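The values are calculated or read from the model by the stated rules, or taken from the named source; none is laboratory data. Everything quoted here is computed from the prediction, not taken from an experiment. Cβ atoms come from the backbone with ideal geometry, glycine included; neighbour counts cover every protein chain shown. With ligands, DNA and RNA removed, areas are computed over all heavy atoms of the protein, side chains included. Shrake-Rupley method; radii C 1.70, N 1.55, O 1.52, S 1.80 Å.
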Amino acid sequence: MKLRIFFCLLALLIPACHLSAQGLAGSARDRFYPGQLWFDTAGRLINAHGGGILYYDSTYYWFGEYKGERTNSAEVGVTCYSSTDLYNWTDRGIALAVSDEADSPIVRGCIIERPKVIHNARTGKFVMYFHLELKGKGYAAANVGVAVSDRPEGPYRFVKNGCVNPGQWPADLAEADRAATAVPEDYEWWTPAWRDEVARGLFVRRDRAGGQMSRDMTLFVDDDGKAYHIYASEENLTLQIAELTDDYLDYTGRYVRVDPTGQNEAPALFKKDGRYYLITSGCTGWAPNAARLFTAESIRGPWQRHANPCQGDGADRTFQSQGTYVLPVAGRKDAFVFMADSWRPDNPIDGRYVWLPVRFENGLPVLRWEKEWSLDVFGR
Ligand code: GAL
C-alpha cells in the first residue's frame, strides 16, 4: 500500500518537474515551448490571448485578451507584458481596463478580442485597435474599438468604437458593382449565385452607409509610416484592408478587399524584401483549421493565394492553433515569429500560445511544428 502511495506521488511530481523547466518563477527561459504553459517573471500564467506585439525603445510589449475560467467575455480588459528577449515576460498590468459604467461600449461583460498596438512617430501616441462586441449582443455589432495612451504599457483611454469607413466604397470595387441593386434577401446563402454577388459587393453595399463590419483584426505599419487595419468583414466572408490617417486614429476612406467570399479570419500581415505576406485562418470558430497564405507586391493588392504555409504533422489544423500576429524579430535579418492561440473555449484562461519560427523556402513562408526552439534558428 505504502509503495502504491509512493508511486502515485512520484507520478504527480514528474509533470511538475517537467513544467519547472519551462519557466516557473525564478527560472529564466531561453527557449520557446509551443503549446505548453507559459509563466511570467512573477511565476503567474501569461494571460494575453489573441495578442500582438509592439516593439518600442528596445523592448517588446505583448498585448492580449485577459481571459477567465468560464467566459470569453471581457471581465478585466487588455493585458500588457514586456520583455527584451521574447522568452521572459514581465506583467505590466492592465493596459485597457473594462468600464464599470453601464453605458460604456467597453462595459465589463462586453467582448474584446485581438488587441493590437502601434506607435505613432508623429504624435508620440500609442494607439490600440481591438475587435469589440457590445455586451449582451453576441457577435452582432462587429465593431472596432480604438484606445490611446502616452506610454506603451498604458493605461489606454478608450476613444471610440464603430464600423469601418461609413459612406465609402472599396477602391477595388467596380463602378457597375457599386451601382448594383441586388440585396442579401434576394439570395440563398452558399449558392453559386450568392457567392458571385458577395464577390461583387453584396454586403459592402448593404453596410456602406453605416460602415463595414470588423471582427478578427490586426494592424500593420509600413516602412513609410502609413498604418493599416486588416479585418474580417462582410459577415466574415471577406477581409478588408483599410488605410489609417496619419495620426492612426481614423480611416482615410481608402480600403481594399482580399479574397472575397474566402472566409478568412485571424489575419497576420508582414513584409519582407518589399513583398507583403498575409497568413490567415479559415472560419471555424474556436476549432482550429488549415492556415492560408497570400502575397502581394502592394498592400492594396492584388493578393495572390498560395498553398497552406504549414507543413508536416498537424499542418491541416495549424498545429491545433489559430494565428494572431507575425512578429519581426528586432536585430535579426529575415527573422519572423508566427504567433498563434490554441483556444480552450471550455476554460478560456487555459488557452495556450503557439509561437513558431517562419522559415522561407522557395520564396514563401513555411511553418513547421517545433516542440521547443530558440531564436538561434534564425542565425545572427
Ligand atoms: C474565432 C475568432 C476568435 C473568436 C472566436 C469566437 O474564429 O478567430 O477571435 O472571435 O471565433 O467564436
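For this structure, a couple of remarks:
- First in region 37-54 and within 19 Å of F336 (Cα to Cα), second anywhere and among the polar types (S, T, N, Q) and not in a loop (DSSP other than H, G, I, E, B), Cβ under 7 Å, 6 or more apart: G50/T324; G51/T324; G52/T218; G52/T324
- Those residues of region 33-46 which are under 19 Å from the mean Cα position of the chain (by Cα) and open to solvent by less than 10 Å² (accessible area, probe 1.4 Å), in sequence order: P34, I46
- Residue within region 359-380 that is within 15 Å of the ligand (Cβ to nearest atom), assigned to a strand (DSSP E or B), open to solvent by less than 50 Å² (accessible area, probe 1.4 Å) and within 25 Å of T59 (Cα to Cα) present: no
- Among residues of region 102-114 that are touching a residue at least 40 places away in the same chain (Cβ under 8 Å) and under 11 Å from G145 (Cα atoms), those with a Cβ under 6 angstrom from a residue that is outside any loop (DSSP other than H, G, I, E, B) and more than 13 Å from the ligand (Cβ to nearest atom), sequence gap 6+ or separate chain, pair up as P105/N161; I106/S99; I106/F158.
- Residue that is surrounded by the fewest Cβ atoms within 10 Å (Cβ to Cβ) [pool: residues in region 137-170 that are among the aromatic types (F, W, Y) and outside any strand (DSSP E or B)]: Y139
- G124 passes every criterion in (1) surrounded by fewer than 19 Cβ atoms within 10 Å (Cβ to Cβ); (2) on the phi > 0 side of the Ramachandran plot; (3) within 16 Å of the ligand (Cβ to nearest atom) apart from (3).
- Within the option set R254, R300, being in a loop (DSSP other than H, G, I, E, B) and either touching a strand residue (DSSP E or B) at 6+ places or on another chain (Cβ under 6 Å) or within 17 Å of I118 (Cβ to Cβ) (or both) holds for one residue only, R300.
- Just one of the listed residues (A315, A307, A290, A296) is touching a residue at least 12 places away in the same chain (Cβ under 8 Å) and within 16 Å of the ligand (Cβ to nearest atom), namely A290.
- Search result, residues across region 82-115 that are of a type in the set (F, W, Y) and either open to solvent by 10 Å² or more (accessible area, probe 1.4 Å) or within 16 Å of the ligand (Cβ to nearest atom) (or both): Y87
- Here I53 meets each of (1) of a type in the set (V, I, T); (2) surrounded by fewer than 21 Cβ atoms within 10 Å (Cβ to Cβ); (3) under 27 Å from A227 (Cα atoms) with one exception, condition (2).
- Members of region 100-118 that are within 30 Å of D57 (Cα to Cα) and not charged (D, E, K, R): I106, I112, P115, V117, I118
- Scanning region 205-217 turns up at least one residue that is open to solvent by less than 40 Å² (accessible area, probe 1.4 Å), within 19 Å of W190 (Cα to Cα) and part of a helix (DSSP H, G or I).
- Boolean, A266 is in a loop (DSSP other than H, G, I, E, B) and not aromatic (F, W, Y): no
- Unmet requirement for P260, which otherwise passes all of (1) part of a loop (DSSP other than H, G, I, E, B); (2) more than 16 Å from the ligand (Cβ to nearest atom); (3) surrounded by fewer than 21 Cβ atoms within 10 Å (Cβ to Cβ): (3)
- In the set (1) within 16 Å of the ligand (Cβ to nearest atom); (2) without any contact (Cβ under 8 Å) to a residue 12 or more places away in the chain, E188 fails one condition alone, (1).
- Output for region 321-335, where each listed residue is within 12 Å of the ligand (Cβ to nearest atom) and part of a loop (DSSP other than H, G, I, E, B): S321
- Yes/no for T318 being part of a helix (DSSP H, G or I), buried (at least 18 other Cβ atoms within 10 Å of the Cβ) and out of contact with any helix residue (DSSP H, G or I) (no Cβ under 8 Å at 6 or more places or on another chain): yes
- Failed criterion for F338 (all others in (1) over 17 Å from V354 (Cβ atoms); (2) not hydroxyl-bearing (S, T, Y); (3) not in a loop (DSSP other than H, G, I, E, B) hold): (1)
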